[in-house]
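To start, the structure under review is shown below, and the notes come after it.
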Amino acid sequence: MHDQSLRLGRIVDDLAELSASESAALSLRPADVDIGAVAREPVAARRAQLNAAGLTVHTGIDDGVVIRADADRIHQASATCCPTRPATAVPATR
């Protein structure tokens, strides 16, 4: 129940952010960000689940690639691309 309420809270936050972005009121905090390190955080947080499901996720970004961006937004985008339910994800073929 607690996890579900946290997910619901995140959905509400996402909807509020989407609304803000459409009205040009989205809050951004640009800074120099190592995009590889930030992009790997959500993958690392789910690594055990991904491995258990037989999935491998590669970010493909080297360390030391610094860009001017909002680290929280980059983290959100990376987390969106990482399966939240790896057991039901369909592995990609290369």
Check Ile67 against each of (1) touching a helix residue (DSSP H, G or I) at 6+ places or on another chain (Cβ under 7 Å); (2) surrounded by fewer than 16 Cβ atoms within 10 Å (Cβ to Cβ); (3) at pLDDT below 80 and name the one condition it does not meet. (3)
Condition test on Val38, is it surrounded by 16 or more Cβ atoms within 10 Å (Cβ to Cβ) and touching a His at 6+ places or on another chain (Cβ under 6 Å)? yes
In region 34-86, the residues that are more than 14 Å from the chain's Cα centre (by Cα) and among the polar types (S, T, N, Q): Gln49, Asn51, Thr56
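The values are calculated or read from the model by the stated rules, or taken from the named source; none is laboratory data. Please read these numbers as outputs of a predicted model, since none were measured by experiment. Here Cβ is always computed from backbone atoms with ideal geometry, including for glycine, and neighbour counts include all displayed protein chains.
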